[in-house]
1. Quick one: Karplus J couplings for the range A:141-156, per residue in order, coefficients 6.51, -1.76, 1.60, θ = phi - 60°, nearest Hz, x for Gly and Pro?
2. Tell me, what is the FRET efficiency for A:Ala25 and B:Lys113 to the nearest 0.05, using R0 = 41 angstrom and their Cβ-Cβ distance as r?
3. With viscosity set to 0.692 mPa s and temperature to 37 °C, compute the Stokes-Einstein D of the protein assembly as shown, Rh being the Kirkwood radius across alpha carbon pairs; µm²/s, no decimals.
4. Can you give the calculated 222 nm mean residue ellipticity of chain A, where each DSSP H run of n ≥ 4 adds -39,500 (n - 2.57) and the sum is split over every residue, rounded to the nearest 500 deg cm²/dmol?
5. Stretch B:Gln8-B:Ser60 to full length: gain in nm at 0.36 nm per residue minus the Cα-Cα span?
6. Across peptide B:102-108, how many C-beta atoms of other chains are within 10 Å of each residue C-beta, on average?
7. Quick check on my link table: of A:Lys58/A:Lys183; A:Lys203/B:Lys83; A:Lys58/B:Lys102; B:Lys24/B:Lys102; A:Lys27/A:Lys74; A:Lys19/A:Lys58, which ones sit more than 32 Å apart, alpha carbon to alpha carbon?
8. Can you give the average number of partner chain beta-carbon atoms within 10 Å of each beta-carbon in peptide A:90-101, as a whole number?
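The values are calculated or read from the model by the stated rules, or taken from the named source; none is laboratory data. Treat the numbers as computed from the prediction; the structure is a model and nothing was measured. Heads up, the Cβs are rebuilt from the backbone with ideal geometry, glycines too, and the neighbour counts pull from every protein chain shown. In case anyone asks, the SASA skips ligands and DNA or RNA and just uses the protein heavy atoms, side chains included. Shrake-Rupley method; radii C 1.70, N 1.55, O 1.52, S 1.80 Å.
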Amino acid sequence: MKIDVNRSILEPNDLQALKNKELLAAKKLIAINVLASPGAGKTSVILQILKALPKELKAGVIEGDVASSIDTEKIKAAGWPAVQINTGGGCHLEAEMVGKAIAKLDLEGPGIIFIENIGNLICPVEFALGEALRLVVASVPEGDDKPIKYPAVFADADLIVLNKADLFPYIDFNKDKFLAGVKLVNKNVPLFEVSCKSGEGLKELVAFLLSLI
Amino acid sequence: MHEGTIAQSVLTTALAAADGRPVKKINFRAGAMAGIEKEPLLHFFQEISKGTLAEKAELSVETAPAKLTCVSCGHQDNYDGSKPLSVTCQVCGGENSLAGGKELFVESIEVAK
């Protein structure tokens, strides 16, 4: 006997993500889900944005890693509250683990919670966490073909940051090729070239981010 | 790659729909952009369904392509991940736009009466 089901298997996660979003809204907080491959500069970009936020805005970070609390320590050392999620092998964050972390962070808004996802351009894409915004960090040394090779993550981005712009003179990176790849999968997504090392582009990025929230 | 998690979610969804009846077949649709590999998924499913009402179920995985549409001439192509993605339209050389192919859907199940 056939039974029509027509259900997304992501439904339980999506429901929890919605709960997370509502929980955050009640505290006048929004979450930004930061995705990138390992080493692209998620933590660095988050730190640079945190430094530039107006004092009236509260902020905190939920760090996702397979292991270690290296990034959480960096954030705390810079003066912001942070909570670590270790997946112990899991390749992406899910809404349930983020929900628990939000409670632990215990932050009151108005403000922003950055969720630094596991370094991975594939698995985190399908899993909503309750974010208001998806920020994807690409970096110059990774090469200009990443949007074509990993279309799903770039397609889902609300904002793309191309980090390590200070390395343009040293890497064979065709900017037009990169931008064409982004346009293929995400037509009008705002894109900012930055260097966390030199500070280039960060002012514009932060100004734009603040205009969205 | 997390086919283990996906297999678990497929199993949970199917068992819920089966409502206590043995499951014979699960029709699952995975979008090409969802990053799921069929073989590992089948393997994981076989393992985790042991001891459940879906133990003998056949998991049928259909890959749903994403759509590649030319912004200039409207020409459409399916993208299922088996060929390189083309930024330009093969017909007119215009710009392509990619959409869809992200679903992870249990469409239907077959149960013993």
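1. x, 6, x, 8, 9, 4, x, 6, 7, 10, x, 4, 5, 6, 5, 8
2. Details: r = 47 Å, r/R0 = 1.14.
Computed FRET efficiency for A:Ala25 and B:Lys113: 0.30.
3. Details: Rh = 21.1 Å.
Answer, rounded: 155 µm²/s.
4. Working: 8 runs with 77 residues, N = 213.
Computed mean residue ellipticity for chain A: -10500 deg cm²/dmol.
5. Numbers: separation 52, 0.36 × 52 = 18.72 nm, distance 1.49 nm.
Once the chain is fully extended between B:Gln8 and B:Ser60, it gains 17.2 nm.
6. 6
7. Numbers: A:Lys58/A:Lys183 34 Å; A:Lys203/B:Lys83 40 Å; A:Lys58/B:Lys102 34 Å; B:Lys24/B:Lys102 26 Å; A:Lys27/A:Lys74 25 Å; A:Lys19/A:Lys58 21 Å.
Pairs exceeding 32 Å: A:Lys58/A:Lys183; A:Lys203/B:Lys83; A:Lys58/B:Lys102.
8. Per residue, the average neighbour count from other chains is 1.
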